[in-house]
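Rule-based calculations on the coordinates, nothing more; no lab input. Keep in mind the model is a prediction, meaning the values are calculated, not measured. Positions of Cβ are backbone-derived with ideal geometry, glycine not excepted, and every protein chain shown enters the neighbour counts.
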Amino acid sequence: MITIESKKENINASDKSIFDYLGNFNNFETLVHDKIEDWHSDENSCRFSVKGLATIALRIRDKFPNSKIIVMSDGQSPVDFTLIFNIDFLTENSSVFYIEFLAEMNMLMSSMLKTPLQNFVDLLAKKLKEKYETTENC
């Protein structure tokens with residue numbers, strides 16, 4: 001199994017605000033829009049193509065209010081994986097956010113994908129932070 005953790009980002013937003021935003025896949029496209037095409041979503045699932053690569057489908061498996069959202073690949077991805085969005089309360093208007101990526105893959109695939117996956121989860125965390133830095137009413 002491969003486990004990859006994003007950089008932890010301090011975000012100037014409440015844990016509830018971040019949870020509500022990430023808990024609806026209709027919001028998720030804004031975080032990845034420059035890397036994907038053919039976006040389709042509803043509140044609990046999404047499907048998209050990574051430019052030049054594969055089609056990915058995701059669905060929310062579990063939500064733990066204001067602290068964690070567990071997302072699973074949904075059959076169309078080349079590798080089955082889990083994303084865990086972690087939100088740690090700091091203050092009323094400040095939280096720490098990070099992502100864990102978990103997948104079963106062989107050593108060769110793991111070595112080929114580790115760096116791109118690390119870059120992906122780091123980018124998602126950074127984009128979420130930027131979203132709250134540029135939006136006043138989150």
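State which stretch of the chain is the longest one without any exposed GluC sites (Glu not before Pro), exposure meaning a DSSP loop state and at most 12 other Cβ atoms within 10 Å.
Maximal segment without exposed cleavage sites: 44-91.
What distance in nm separates the two pseudo spin-label positions at Arg61 and Lys114, each 7 Å out from Cα along the beta-carbon direction?
Roughly 2.3 nm, to one decimal.
For the chain, calculate the relative contact order in percent as a whole number, restricting contacts to Cα pairs under 8 Å that are 6 or more residues apart.
32
What angle, in degrees between 0 and 90 and rounded to the nearest 10, separates the Cα long axis of helix 107-134 from the longest principal axis of the Cα atoms of the chain?
So the inclination is approximately 20 degrees.
So what are the radius of gyration and Dmax for the Cα set of the stretch 1-94, in Å?
Computed over the Cα atoms of the stretch 1-94, radius of gyration and Dmax are 13.8, 41 Å.
Under a point spin-label approximation (7 Å from Cα along Cα-to-Cβ), what is the Thr91-Lys127 distance to one decimal in nm?
Rounded to a tenth, the inter-label distance reads 2.9 nm.
Would you kindly derive the ³J(HN,Hα) couplings of the stretch 8-16 from the backbone phi angles with the Karplus curve 6.51 cos²θ - 1.76 cosθ + 1.60 (θ = phi - 60°), listing them in order in whole Hz, with x for Gly and Pro?
7, 10, 7, 10, 7, 7, 5, 4, 5
Which residue fluctuates most in the GNM of the chain (Cα springs below 10 Å): Ile70, Ile36, Ile11?
Maximum among the listed residues: Ile36.
Within the stretch 36-58, name every residue whose backbone N is under 13 Å away from a label modeled 7 Å from Cα of Asp74 along the Cβ vector.
39-49, 56-58
Considering only DSSP states other than H, G, I, E and B, which trypsin sites (Lys or Arg not before Pro) in the stretch 1-105 qualify as loop sites with at most 14 other Cβ atoms within 10 Å?
In loop regions of the stretch 1-105 (DSSP not H, G, I, E or B), the sparsely surrounded trypsin sites (Lys or Arg not before Pro) are Lys7, Lys8, Lys51.
Give the separation of the Cα centroids, the stretch 90-110 to the stretch 1-34, in Å.
Distance between centres, Cα-based: 10 Å.
For a quick check: sort Asp34, Asp20, Asp15, Asp42 by the number of other beta carbons within 10 angstrom, fewest at the front. Can you show the working numbers first?
Working: Asp34 8, Asp20 15, Asp15 22, Asp42 11.
Placing the least packed residue first, the sequence is Asp34, Asp42, Asp20, Asp15.
So what are the ³J(HN,Hα) numbers for the stretch 29-40, from phi and the Karplus equation (6.51, -1.76, 1.60; θ = phi - 60°), rounded to whole Hz, Gly and Pro as x?
Karplus values, whole Hz, x for Gly and Pro: 4, 5, 7, 10, 4, 7, 10, 10, 8, 6, 6, 9.
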